[in-house]
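For reference, the structure is listed below as structure tokens.
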Amino acid sequence: MKVLNDQQVGLFLVAASTSRYKSLYYLAITTRMRFSELRGLCWPDMDWIKGTITVSRQIQDIPGKGMLSGVLKTHAGTRQILLGEKSLNELRDQQQRIEEDKLKAGTNWRENDLIFPSNIGAPFSKSHLQKDFAKTLRDANLPRIRFHDLRHTAATLMLQEGVHPKIVQERLGHADINLTLNTYSHVLPDLQLEAAEKLDRLLE
């Protein structure tokens, strides 16, 4: 596991500002969704009034079978995530981006109602995103990490900011809080030290 700190995340997002995956990267960090979950998001999953998005399906590349769409494996994986205003604005920008792609594609457009489609409406290519992700990291002069490490980065930053592990578990879609605590055990010693110091200050 490799994670970016808050300053590095800022640099990454600045470098991503010209990428067609700009909004996807932002949601990957702010929602902690998996790659396959982001790929499977559809516009009916959005509730603009409540400001939420429902994660209920995924699109995966299966060796020997190609690209397959399906429901999530666990009940905990199916979840509703509350979005911040900046995330909602990113999705509004994404809607506009799709409308521009539709005009360019014309009769080649394949309507799947995906939030993050390719430039002709189909599920985007995993290899294309990986190339763009690597380029964005290089442009930001950041160490090379996996796309999945954005999920780890987001969870780590949440815990460091004092977000309760139960909330982190729910946003990650983990079935058991012990999985969350074990996965991010590297953060816990710092949190324990911070808690001890806060208690000391209270008792002064």
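The values are calculated or read from the model by the stated rules, or taken from the named source; none is laboratory data. All values derive from a computational prediction rather than experimental measurement. Positions of Cβ are generated from backbone atoms using ideal geometry, with glycine treated the same way; all protein chains shown enter the neighbour counts.
The figures follow:
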| quantity | calculated |
| --- | --- |
| All positions within the stretch 80-91 that are surrounded by 12 or more Cβ atoms within 10 Å (Cβ to Cβ), in a helix (DSSP H, G or I) and not aliphatic (A, V, I, L, M) | S87, N89, E90 |
| Selection status of S19, within 18 Å of E99 (Cα to Cα), surrounded by 16 or more Cβ atoms within 10 Å (Cβ to Cβ), in contact (Cβ under 8 Å) with a residue 24 or more places away in the chain and not charged (D, E, K, R) | yes |
| Selected residue (criterion: surrounded by the fewest Cβ atoms within 10 Å (Cβ to Cβ)) from residues of the stretch 127-142 that are touching a residue at least 24 places away in the same chain (Cβ under 8 Å) and closer than 17 Å to S36 by Cα | D132 |
| Residue within the stretch 40-52 that is in a helix (DSSP H, G or I), at pLDDT 90 or above and surrounded by 17 or more Cβ atoms within 10 Å (Cβ to Cβ) present | yes |
| Enumeration of residues in the stretch 96-114 that are surrounded by 12 or more Cβ atoms within 10 Å (Cβ to Cβ), in a helix (DSSP H, G or I) and without any contact (Cβ under 8 Å) to a residue 24 or more places away in the chain | I98, D101, K102, A105 |
| Filter pass, R138 being modelled with pLDDT of 95 or more and in a helix (DSSP H, G or I) | yes |
| G70 vs. criteria without any contact (Cβ under 8 Å) to a residue 24 or more places away in the chain and within 22 Å of Y184 (Cα to Cα) | no |
| Residue count for the stretch 19-39, restricted to those that are hydroxyl-bearing (S, T, Y) and under 18 Å from S118 (Cβ atoms) | 5 |
| Qualifying positions in the stretch 135-149 - among the aliphatic types (A, V, I, L, M) and either in contact with a Lys or Arg (Cβ under 7 Å, 6 or more places away or on another chain) or closer than 14 Å to T183 by Cα (or both) | L137, I145 |
| Selection within the stretch 115-135 - assigned to a helix (DSSP H, G or I) and among the hydrophobic types (A, V, I, L, M, F, W, C) | L129, F133, A134 |
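Condition check ((1) surrounded by 15 or more Cβ atoms within 10 Å (Cβ to Cβ); (2) outside any helix (DSSP H, G or I); (3) at pLDDT 95 or above; (4) aromatic (F, W, Y)) across all residues:
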position: K2; (1), (2), (3), (4): no, yes, no, no
position: S23; (1), (2), (3), (4): yes, no, yes, no
position: K73; (1), (2), (3), (4): no, yes, no, no
position: G77; (1), (2), (3), (4): yes, yes, no, no
